[in-house]
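See below for the structure under consideration.
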Amino acid sequence: MNYENKTILTGVKPTGTLHIGNYVGAIKPAIEFGHKVNQNGKHIMFVADYHAINAIKDAPLLSRLTKEIACAYLACGLNPEKSLFYKQSDVPELFEMTTILMAYTPKGFMNKAHAYKAAVDKNIARGEPTDAGINMGLYTYPVLMASDILSYDTDFVPVGKDQVQHVEIAADIAGAINAHYEKEVLKIPASYLTESAQVLPGIDGQKMSKSYHNVIPLFGSDNEIKKAVMSIKTDCQDINDKKNPDDILLYHIARGIAPESVVAEIKEGLEKGGMGYGSIKKMLLQAILDEVSEKREKYFYYMDHFDEVNDMLQSGAQKARQIARPVLERVKDAIFNRK
Ligand code: ADP
Ligand code: TRP
């Protein structure tokens with residue numbers, strides 16, 4: 001993939017207690033994209049706090065989660081000098097754009113969107129009315145997301161499988177507008193599937209997820225991380241048995257987070273036999289601490305000095321608005337026949 005002169009945009013919803021699955025699957029790859037764009041390209045990274053209010057109505061909670069996610073990205077190496085970094089709610093141009101896009105979005109698109117369909121399916125399974133508890137924010141989620149993307153003439157949107165449909169909807173809306181006005185009013189974006197970003201298993205072997213309570217916390221204390229690592233599920237094979245590393249959960253977790261040399265050592269130890277699960281856990285623990293210690297320090301620094309983070313976010317929003325405004329004006333020129 002050639003990223004020269006391209007605009008790459010990633011949005012992240014404030015979630016909850018971050019774990020190393022979030023780190024290897026979302027945070028790290030997003031930050032790495034920032035290193036791939038060149039001087040004439042743009043890397044845009046924002047916190048989707050307006051998307052979050054569809055689900056989170058508890059204001060102090062939303063504010064805490066937003067703060068945590070912003071500090072986490074900075075602590076993990078996002079460079080706001082190189083990547084545009086802001087909160088969605090600080091860019092009002094997005095909402096003018098959303099209103100415009102609504103007029104070109106067939107309602108049927110929304111009926112088919114995954115997030116809405118999943119909520120409907122849940123209601124049906126519970127025997128509740130189809131649309132129980134579903135607000136218009138959730139229903140029209142893909143339109144705001146299209147606005148996030150189209151407002152910056154985005155070329156690529158790195159996403160996991162579940163978000164591809166949303167990027168396709170953005171491309172379809174832009175395509176409909178361009179076709180109607182017979183010119184390129186909006187740039188057509190493409191998704192970039194971050195499939196390589198692997199799914200890290202949790203300490204019980206299911207996907208690591210805060211909902212399954214099986215996480216290794218990203219910014220936990222040494223002791224919390226140790227406790228989680230020591231509870232990783234193992235089997236009762238003899239220490240000297242030769243094992244297939246692919247069958248061993250500890251190996252899968254190590255592959256996601258540990259340096260290659262450590263992974264190779266664990267692989268060899270399992271294949272040859274003689275390396276106990278206790279020693280592997282110690283190696284894994286050390287590898288995780290090596291990876292996160294410095295980031296954790298930065299994270300708590302930013303959490304304690306949020307004014308600094310806020311300044312970065314505000315200045316990011318100013319820069320974002322300078323890009324979004326002319327795109328919006330271009331669209332308004334077309335729809336209101338102003339030029
Ligand atoms: P959780 O499953 O803990 O609720 P989220 O759904 O909030 O996590 O995920 C936030 C981001 O982290 C998403 O981009 C998701 O793909 C990524 N992510 C979450 N869990 C994992 C995992 N176990 N392995 C890899 N990536 C993950
Ligand atoms: N919908 C994305 C998610 O749930 C977050 C998001 C909002 C986003 N706007 C975006 C992602 C624009 C990419 C581009 O993870």
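The values are calculated or read from the model by the stated rules, or taken from the named source; none is laboratory data. All of these numbers come straight from a predicted model, not from anything done at the bench. Note that we place each Cβ from the backbone using ideal geometry, even for glycine, and neighbour counts take in every protein chain shown. All accessible areas refer to the heavy atoms of the entire protein, side chains included, with ligands and DNA or RNA removed. Shrake-Rupley method; radii C 1.70, N 1.55, O 1.52, S 1.80 Å.
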Filter result for the condition that a residue is among the small types (Gly, Ala, Ser), farther than 25 Å from Ala119 by Cβ and within 14 Å of the chain's Cα centre (by Cα), over Ala70, Ala75, Ala48, Ala52:
Ala70
So, in region 234-247, exactly how many residues are without any contact (Cβ under 8 Å) to a residue 40 or more places away in the chain and surrounded by 14 or more Cβ atoms within 10 Å (Cβ to Cβ)?
3
Odd one out for Pro158 among (1) within 16 Å of ligand 1 (Cβ to nearest atom); (2) open to solvent by less than 80 Å² (accessible area, probe 1.4 Å); (3) over 19 Å from Leu84 (Cβ atoms)
(3)
Residue within region 19-32 that is among the polar types (S, T, N, Q), touching a residue at least 60 places away in the same chain (Cβ under 8 Å) and away from ligand 1 (no atom under 12 Å from the Cβ) present:
no
When only residues in region 202-226 that are free of Cβ contacts under 8 Å to residues at least 60 places away in the same chain and crowded, with 21+ Cβ neighbours inside 10 Å count, which is farthest from ligand 2 (Cβ to nearest atom)?
Ile203
Mind checking which residues of region 163-201 are open to solvent by 50 Å² or more (accessible area, probe 1.4 Å), free of Cβ contacts under 8 Å to residues at least 40 places away in the same chain, assigned to a helix (DSSP H, G or I) and away from ligand 2 (no atom under 16 Å from the Cβ)?
Ala179
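So that you can scan it fast, the table gives a plain yes or no per residue for (1) more than 30 Å from Lys298 (Cα to Cα); (2) touching a residue at least 60 places away in the same chain (Cβ under 8 Å); (3) hydrophobic (A, V, I, L, M, F, W, C):
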site	(1), (2), (3)
Ala75	no, yes, yes
Asp90	no, yes, no
Lys112	yes, no, no
Glu128	yes, no, no
Met136	yes, no, yes
Any residue at all in region 128-136 that's part of a helix (DSSP H, G or I) and away from ligand 1 (no atom under 16 Å from the Cβ)?
yes
Those residues that are part of a helix (DSSP H, G or I) and open to solvent by 60 Å² or more (accessible area, probe 1.4 Å), I need them from region 82-112; list them, please.
Phe95, Glu96, Thr99, Met102, Lys107, Asn111, Lys112
